[in-house]
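Written below as structure tokens is the structure these notes are about.
The values are calculated or read from the model by the stated rules, or taken from the named source; none is laboratory data. Model, not experiment: these values are computed from the prediction. Neighbour counts are summed over all protein chains in view; Cβ atoms, including those assigned to glycine, are modelled from backbone coordinates with ideal geometry.
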Protein chains: 2
Amino acid sequence: MNTHRQYINEQIRKEPKFAEALAKAEQEVGIAVELARLRERRGLSQTELAKLTGMKQPQIARLESGAHFPAFPTLQKLLGVLGGKLELTADACHLVPTRLKVASARR
Amino acid sequence: MNTHRQYINEQIRKEPKFAEALAKAEQEVGIAVELARLRERRGLSQTELAKLTGMKQPQIARLESGAHFPAFPTLQKLLGVLGGKLELTADACHLVPTRLKVASARR
DNA sequence: ACGAGTTATAACATAAGTGTTATAGTTTCC
DNA sequence: GGAAACTATAACACTTATGTTATAACTCGT
């Protein structure tokens, strides 16, 4: 059942740019998933989070889909409500839950 | 010599959006300054860093000018050469020096 | 003074991310 | 079953960041 991994490894060998694009995509999706988890952890729906951040639900959905990296100001709006700290290095990107400062989310 | 601070506080009172924009600008400049420091700490010129990151010198200069927030992929390229870890929360944004993984910068 | 290296900036084209409305599919609850 | 809530997606307009070449100003060493 390693067909998928074999395919990926072959692409990486054939096409060096592939590895780079793959890493980028993994990180985009990684952040998206972490954002969604953090939201759920706070017991908010996308619509509620949208209201709290001054965004609209489709934007939240897009951010959670991993379509692209969020920009800093966007992330900060989200972190303002959800709490959390982003840690970015050359190879990794993680959203670490932190304590909430105020009762921004559901009590 | 508090004229500047007084002016800022007055603007904040008159114009709530001003505080937000100010905070954003401070953070943009903050990252820029931290990037420049990290580069200098590694003993690289902008042109050298540009070569190592696959960018061009004017882009490095722009990033160091604080004209805008860097995007994630851009930052990761830079961190790949300079080392360092970015920490982003709702209110703050810092670039923390870390150990270099390989002799990417000047020995 | 001059050349080489360094940095800053303008201007342009392009890519990427935001913001929005509309809508459809899905899930939950009564 | 139906309504309400939730989520996903398309499409469009707009904003923001990248990438680049050209060039000017600045700094340093000889």
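Of the residues making up segment A:92-105, one or more are farther than 29 Å from B:P97 by Cα and either surrounded by 18 or more Cβ atoms within 10 Å (Cβ to Cβ) or away from chain B (no Cβ under 12 Å) (or both). Among helices (runs of 4 or more DSSP H) entirely within segment A:34-90, having at least 1 residues that are away from DNA strand C (no atom under 12 Å from the Cβ) and under 20 Å from B:I31 (Cβ atoms) singles out A:72-82. Residues that are at pLDDT 85 or above, assigned to a helix (DSSP H, G or I) and within 14 Å of another protein chain (Cβ to nearest Cβ) are absent from segment B:15-29. Selection of segment B:56-89 for residues being crowded, with 18+ Cβ neighbours inside 10 Å, of a type outside the set (V, I, T) and facing chain A (nearest Cβ under 7 Å) yields B:F69, B:F72, B:L75, B:Q76, B:L79, B:G80, B:L86, B:L88.
Within segment B:54-75, residues that are farther than 13 Å from A:P70 by Cβ sit with their Cβ atoms under 9 Å from residues that are among the basic types (K, R) and near DNA strand C (Cβ under 6 Å from one of its atoms), at 6+ positions apart or across chains, in these pairs: B:H68/B:R62. From (1) modelled with pLDDT of 95 or more; (2) closer than 28 Å to B:L82 by Cα; (3) more than 9 Å from chain B (Cβ to nearest Cβ), pick out the condition that doesn't hold for A:E48. Tallying (1) modelled with pLDDT of 95 or more; (2) closer than 28 Å to B:L82 by Cα; (3) more than 9 Å from chain B (Cβ to nearest Cβ), A:E48 fails exactly one: (2).
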